[in-house]
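Colleague: I have a structure here, written as C-alpha cells, and I will follow up with some questions on it.
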Amino acid sequence: MSNSFGRVLTVTTFGESHGPAIGCVIDGFPPGFEITAEEIRDELMRRATGQSRWTSQRKEAEDVQILSGMFEGKTTGTPIALLIYNTDARSKDYTKIAAQFRPGHADYTYHHKYGIRDYRGGGRSSARETTMRVAAGALARKYLKLHYGVEIVGWLGQLGELVCDESFDAAVINDNPFFCPDEKRVPDLEEYMKALWKSGDSVGALVRARATGVPVGIGAPVYAKLDGDLAAAMMSINATKGVEIGAGFASVAHKGTEHRDEITPEGFLSNHAGGILGGIASGQPVELSVAFKPTSSLRLPGRTVDTEGKPVEIITTGRHDPCVGIRAVPIVEAMLALTLLDHILLHRAQCGDVPAQTPRVTG
C-alpha cells in the first residue's frame, strides 16, 4: 500500500479506524520551528466528529502525542512522529455485516485486492485516517503563514442542492457547524439536514479552498505541476469524486478572450486559472473545489452480496455522517497546506537562488 505523500516534505500515515491508535510520521519538516500539541489539537477538533448533531456522534478525545522530532518546543529537522489513541470506537456495530460488502464502500475492492480486510468501520479506508493529515497540516499551515504570509481558508460551497457561498464572509466560516461563509444560509442548511436525517438518506457536498500569498514560481514541469499534485492530494481524500482548479469545468463554456486572465502592471484582471499557469504558481490566489459523494453507510436497506457471492439485504447501523463533505473542509485545507509547503521546499532546493525577474503582479 502507498501510505506516504510528498517529495521533500513527506507524510506517512498509519492505523485503522477501530485499531488501538492512528498516527503519522512527518519527514523533511524544517528545524527550529515552534509548535505545540495544543495547536495541533485545535485543528483536529475542527475536523472531529461529535461536534454537532449533523455529523457522526463518535467522540474521540483527539489528544495528540508528539513522540519525536521536537526538543525544547522546537522541531529538530528529524522525523516528527504523532500518535492519537482511538477512544470511542464501537466495533460491535459492524458484526452483523462482517461478511457483507457495503455498496459504495471499499469493502469489495479491499477484499479482492488483499484477500483480507478489516470490516470494522472500513479499517484503513475509513475517513478516520484523515485525522493525521489534519495533524500534519497544522504544522504546515502555521509554517506557511509565519514564513511566507500564506493564508488558507476553506468553506462549504454547496450541500446537496443548496448553494452556500453566493454571499461570502470568511469571518463567519468557523462560527457554524457547516463551515458556511453565509450566516443567513445556516438556518436553511439546518432544516435541510433535519429532513435528511429523518429520511435516513445522505447527500454530497462541494468544498472550496483558497490560498493567498502563495510565492510566484512554485511548482515544476512536467510531472511535478502544482495543480497536478493538488488534484492528486484532493483525490486521495476519502469520498472525493471530482477536483476543479480555478474555473474548472466551467472553462468549457468560456471563450478564450474571457478565460485568458489578462495582465496589467497593476495585476491580473481575472483568475480563471486558479493561480497556476503551466503547473507553476502565478502569485494569484490558488483556488480549488472538491466534490464529495454522499455517505454510503445508510440505515435504509439496500442490495449487495456477501463474501460467498450470495445476494443479501444490507442495513448499516452505527454512527455515520449524513454528509461527509461537512467535515472535509479542514481536511482539504490541510492537504492544500501540505502540498504548498512541499512545493516551496522543492522550489527552494533547486531555484532558491534565482532572483525575481519582474515586479510581482497579483490581481
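Colleague: Of the conditions (1) touching a strand residue (DSSP E or B) at 6+ places or on another chain (Cβ under 7 Å); (2) within 27 Å of Phe29 (Cβ to Cβ); (3) touching a residue at least 12 places away in the same chain (Cβ under 8 Å), Lys145 satisfies every one except a single condition; which number is it?
Modeller: Unmet condition: (3).
Colleague: Among the residues of the stretch 318-342 satisfying the criterion of being in contact with an Asp or Glu (Cβ under 7 Å, 6 or more places away or on another chain) and modelled with pLDDT of 95 or more, which is nearest to Val216 (Cα to Cα)?
Modeller: Selected residue: Thr339.
Colleague: Are there any strands (runs of 3 or more DSSP E) wholly within the stretch 196-313 with 2 or more residues that are in contact with a helix residue (DSSP H, G or I) (Cβ under 9 Å, 6 or more places away or on another chain) and buried (at least 17 other Cβ atoms within 10 Å of the Cβ), and if so which?
Modeller: Output list reads 205-212, 240-245, 286-292.
Colleague: Let me ask something else. For the stretch 90-134, which positions are more than 18 Å from His320 (Cα to Cα) and either without any contact (Cβ under 8 Å) to a residue 60 or more places away in the chain or out of contact with any Ser or Thr (no Cβ under 9 Å at 6 or more places or on another chain) (or both)?
Modeller: Tyr108, Thr109, Tyr110, His112, Lys113, Tyr114, Gly115, Ile116, Arg117, Val134, listed by residue number.
Colleague: So, of the residues in the stretch 272-317 that are of a type in the set (Ser, Thr, Tyr), farther than 26 Å from Val222 by Cβ and out of contact with any strand residue (DSSP E or B) (no Cβ under 6 Å at 6 or more places or on another chain), which turns out to be modelled with the lowest pLDDT?
Modeller: Within the stretch 272-317, the match that is modelled with the lowest pLDDT is Thr317.
Colleague: Identify, by number, the condition in (1) assigned to a helix (DSSP H, G or I); (2) more than 17 Å from Ile276 (Cβ to Cβ); (3) out of contact with any Lys or Arg (no Cβ under 7 Å at 6 or more places or on another chain); (4) not small (Gly, Ala, Ser) that His343 doesn't meet.
Modeller: (2)
Colleague: Could you list, in sequence order, all residues of the stretch 155-179 that are surrounded by fewer than 17 Cβ atoms within 10 Å (Cβ to Cβ), part of a loop (DSSP other than H, G, I, E, B) and charged (D, E, K, R)?
Modeller: Glu161, Glu166, Asp169 - these are the residues of the stretch 155-179 that are surrounded by fewer than 17 Cβ atoms within 10 Å (Cβ to Cβ), part of a loop (DSSP other than H, G, I, E, B) and charged (D, E, K, R).
Colleague: Being in contact (Cβ under 8 Å) with a residue 60 or more places away in the chain and not hydroxyl-bearing (Ser, Thr, Tyr): is that true of Phe249 here?
Modeller: no
Colleague: Still on this structure: Just one of Thr130, Thr78, Thr109, Thr95 is over 30 Å from Leu288 (Cβ atoms), of a type in the set (Val, Ile, Thr) and either in a helix (DSSP H, G or I) or in contact with a Cys (Cβ under 7 Å, 6 or more places away or on another chain) (or both); which is it?
Modeller: Thr95
The values are calculated or read from the model by the stated rules, or taken from the named source; none is laboratory data. Everything quoted here is computed from the prediction, not taken from an experiment. Cβ coordinates were reconstructed from backbone atoms using ideal geometry, including for glycine residues, and neighbour counts include every protein chain displayed.
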